[in-house]
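Visitor: Handing you this structure, nothing more for now.
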Amino acid sequence: MQTLTVDLGDRSYPIFIGSGLLSKPELLKPYIRGSEVAVVTNETVAPLYLEDLRRLLGGYRVTEVVLPDGEQYKNLTELNQIFDRLLADRHSRATTLIALGGGVVGDMCGFAAASYQRGVNFIQIPTTVLSQVDSSVGGKTGVNHPLGKNMIGAFHQPQAVIADMDVLTTLPDRELSAGLAEVIKYGLISDAPFFEWLELNAERLMSRDADALAESVLRSCENKAKVVAEDEREGGRRAILNLGHTFGHAIETHQGYGKWLHGEAVAAGMVMAVDLSVRLGWVESDVLQRTIALLEQCKLPVQPPKGMTPDDFLNLMSVDKKVIDGQLRLILLKSLGDAVVTAEAPKEVLCELLYSLCH
Ligand SMILES: NC(=O)c1ccc[n+]([C@@H]2O[C@H](COP(=O)([O-])OP(=O)(O)OC[C@H]3O[C@@H](n4cnc5c(N)ncnc54)[C@H](O)[C@@H]3O)[C@@H](O)[C@H]2O)c1
Ligand SMILES: O=C(O)C(=O)C[C@@H](O)[C@H](O)[C@H](O)COP(=O)(O)O
Ligand SMILES: [Zn+2]
């Protein structure tokens with residue numbers, strides 16, 4: 001097992017990465033402070049892994065909340081199910097919520113923990129590649145609104161993250177690929193040697209080589225933990241974790257939540273961001289070619305969806321959370337492994353990009 005720390009002073013927490021972690025009560029128990037626990041999971045993950053978690057929770061008073069599965073349920077209506085159960089079962093402020101699932105469950109459980117009785121503890125047990133490498137770390141929690149992704153939420157850090165690699169064996173291929181999009185993101189924004197490692201190991205990752213997957217989770221979490229420790233609430237540098245997301249979130253919202261997976265939309269969005277960086281003369285075109293090649297090897301989309309127009313993008317991107325005083329800011333590359341947040345979007349080149357890619 002490997003242990004990393006997200007260094008946030010008195011809110012620091014460990015990320016445990018390894019095999020067989022869902023059978024180790026000694027990992028989980030130190031992070032549950034009282035006798036009350038609420039497990040939040042979904043209808044797909046529950047039959048696979050809830051029993052393992054139940055075994056670790058002998059002796060606690062446990063509420064189980066099983067949500068419907070899908071990005072389309074990451075909303076305020078479904079979030080309320082968690083509050084209803086916590087209140088019905090009389091959970092106090094000393095309760096601990098446990099997210100058992102992918103990023104949707106993690107974001108919703110985390111937001112419930114941030115707001116139930118103005119804030120209770122929670123633990124992340126991420127079960128997808130995407131949630132192990134990204135969403136379980138860093139404390140962004142929340143739900144979608146029909147007008148925009150993750151528009152309602154809070155920063156609320158977990159007490160611990162327990163990433164058991166064994167659960168990835170049941171993950172569908174499409175979800176594996178979607179998770180790899182966020183893995184590739186770290187190479188692009190902050191870790192060129194990792195990008196090169198991914199180019200060499202993409203085939204192993206796609207065939208679910210356990211060592212390669214563990215290495216990619218570890219290196220992704222190292223990169224994310226470093227950025228989060230520098231800028232917990234996205235005052236500045238943390239925004240680099242948003243590479244491709246301004247375009248990607250526009251795609252997810254336009255298509256209808258759940259049609260394009262988050263990782264798929266981010267993949268196409270990263271190609272757009274790197275392409276824009278090339279058009280501005282900031283990076284060599286080979287970085288774009290290598291990005292496309294790696295994403296394609298991971299069976300990810302590299303173009304925006306058919307039928308989405310430049311105006312669709314511009315309208316949806318105008319409500320991005322990085323917009324300040326009407327100015328859209330984008331994450332672009334200065335070189336492979338070096339991302340920057342622009343003070344404003346280069347509008348002319350952005351329009352040129354959108355008109356050349358939208359079809
Ligand atoms: N908070 C953050 O920092 C952050 C970062 C990245 C993404 N996100 C959010 O995360 C969400 C995407 O997360 P995701 O890709 O994990 O999607 P997800 O949570 O929808 O999970 C993907 C699918 O895999 C299933 N699943 C989960 N674990 C499984 C397992 N071990 N075996 C079989 N099936 C399993 C789920 O039920 C679901 O059908 C999006 O809402 C995105 O906005 C948040
Ligand atoms: O942790 C972050 O910061 C990220 O931006 C990680 C992203 O991968 C993730 O999709 C996040 O939820 C996007 O945040 P948002 O603030 O753009 O909604
Ligand atoms: Zn993301």
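Visitor: Cβ under 12 Å from L336's Cβ, L336 left aside: what net charge do those residues give with Lys, Arg +1 and Asp, Glu -1? Mind showing how you got there, number by number?
Guide: Numbers: positive: R290, K334; negative: D191, E196, E199, E284, D286, D338.
Summing Lys/Arg as +1 and Asp/Glu as -1 gives -4.
Visitor: Further question: Quick one: compute a quarter of the convex hull surface over the Cα atoms of region 214-268 and quote it in nm². Mind dumping the intermediate values first?
Guide: Working: hull surface 18.0 nm².
If I average the Cα hull's projected area over directions, I get 4.5 nm².
Visitor: As I understand it, the dipole of region 2-170 uses +1 on the Cβ of Lys and Arg and -1 on the Cβ of Asp and Glu, about the Cα centre. Which of T169, L87, S136 lies farthest toward its positive end?
Guide: L87
Visitor: Would you mind checking which residues have amide H under 5 Å from G101's amide H? H placed 1.01 Å from N; only 5 or more apart, or other chain.
Guide: HN-HN under 5 Å from G101: I125, T127.
Visitor: Roughly how many whole Å is it from the C-alpha centroid of region 30-71 to that of region 286-359?
Guide: Rounded to whole Å, the Cα centres lie 38 Å apart.
Visitor: I need the trypsin sites (Lys or Arg not before Pro) found in region 274-332, filtered to DSSP loop residues with at most 12 other beta carbons within 10 Å of theirs.
Guide: Values: sites: R279, R290, K299, K306, K321, K322, R329; in loops: K299, K306, K321, K322, R329.
Here the trypsin sites (Lys or Arg not before Pro) that fit, given the DSSP loop and packing criteria, are K306.
Visitor: How high is the relative contact order of the chain? Use alpha-carbon pairs under 8 Å, at least six apart in sequence, and give a whole percent.
Guide: On the way: 706 pairs, mean separation 54.8, N = 359.
It rounds to 15 percent for the chain.
Visitor: Turning to a different aspect of this structure: Cα centroids of region 246-274 and region 84-149: how far apart, whole angstrom?
Guide: 23 Å
Visitor: Between 0 and 90 degrees, rounded to the nearest ten: what's the tilt of helix 76-88 against the longest Cα principal axis of the chain?
Guide: 10 degrees
Visitor: Roughly how big is region 226-359's charge dipole about its Cα centre, with Cβ charges of +1 (Lys, Arg) and -1 (Asp, Glu), in debye to the nearest 20? Display every interim value, and only then the final one.
Guide: Details: 14 positive and 18 negative charges, 47 e Å.
About 220 debye.
Visitor: What does the charge add up to near A38, with Lys and Arg as +1, Asp and Glu as -1, over the other residues with Cβ less than 14 Å from its Cβ?
Guide: Numbers: positive: R33, R54, R61, R85, R90, R93; negative: E36, E64, D84, D89.
Its environment carries a net charge of +2.
Visitor: With 10 angstrom as the radius, rank D312, D211, D107 by how many other C-beta atoms surround their C-beta, starting from the fewest. Numbers along the way, then the final one.
Guide: Values: D312 18, D211 10, D107 25.
In increasing order of surrounding Cβ atoms, one gets D211, D312, D107.
Visitor: How far is helix 173-190 tilted off the main Cα axis of the chain, in degrees rounded to 10, range 0 to 90?
Guide: Compared with the principal axis, the helix lies near 70 degrees.
Visitor: What is the dipole size for region 1-126, taken about its Cα centre, with +1 at each Lys and Arg Cβ and -1 at each Asp and Glu Cβ, in debye to the nearest 20? Please report the intermediate quantities before stating the final value.
Guide: On the way: 12 positive and 14 negative charges, 98 e Å.
Dipole of region 1-126, to the nearest 20 debye: 460 debye.
Visitor: Along region 262-272, what does the Karplus equation 6.51 cos²θ - 1.76 cosθ + 1.60 (θ = phi - 60°) give for ³J(HN,Hα), rounded to whole Hz, x for Gly and Pro?
Guide: 3, x, 5, 5, 5, 4, 4, x, 5, 4, 5
Visitor: Let me ask something additional. Kindly express, to the nearest 10 degrees and within the range 0 to 90, the angle between helix 210-230's C-alpha long axis and the longest C-alpha principal axis of the chain.
Guide: Here the helix axis deviates by roughly 80 degrees.
Visitor: Now for a different question. Rounded to the nearest 500, what is the chain's calculated 222 nm mean residue ellipticity when only DSSP H runs of at least 4 contribute -39500 (n - 2.57) each, over all residues?
Guide: Numbers: 12 runs with 151 residues, N = 359.
Calculated at 222 nm, the ellipticity per residue is -13000 deg cm²/dmol.
Visitor: Determine ³J(HN,Hα), in whole Hz, for all residues of region 35-42 in sequence, where each value follows from phi through the Karplus function 6.51 cos²θ - 1.76 cosθ + 1.60 and θ = phi - 60°; x replaces Gly and Pro.
Guide: Using θ = phi - 60°, the values come out as 10, 9, 9, 10, 8, 10, 9, 9 Hz.
Visitor: Expected output is a single nm value to one decimal: the length gained when fully extending between V62 and R11, i.e. 0.36 nm times separation in residues minus the C-alpha distance. What is it? Please list the in-between numbers first.
Guide: Details: separation 51, 0.36 × 51 = 18.36 nm, distance 2.49 nm.
Length difference between fully extended and current span is 15.9 nm.
Visitor: For region 1-75, give the magnitude of the charge dipole about the Cα centre (Cβ charges: +1 Lys/Arg, -1 Asp/Glu; no others), in debye to the nearest 20.
Guide: Working: 8 positive and 10 negative charges, 55 e Å.
Taking the Cα centre of region 1-75 as origin, the dipole is about 260 debye.
Visitor: Among M308, M108, which comes first, then next, by fewest other beta-carbon atoms within 10 Å? The partial results should precede the final answer.
Guide: Numbers: M308 20, M108 28.
Result, fewest neighbours first: M308, M108.
Visitor: Contour minus end-to-end for T309 and E296, with contour as 0.36 nm per residue of separation and end-to-end as the Cα-Cα distance?
Guide: Numbers: separation 13, 0.36 × 13 = 4.68 nm, distance 2.31 nm.
Extending this stretch completely gives an extra 2.4 nm.
Computed from the coordinates by the stated procedures, all read-outs in this text should not be read as laboratory data. Here the structure is a predicted model, which is why all the values come from computation and not from measurement. Reconstructed Cβ throughout: ideal geometry from the backbone, glycine too, with neighbour counts over all protein chains shown.
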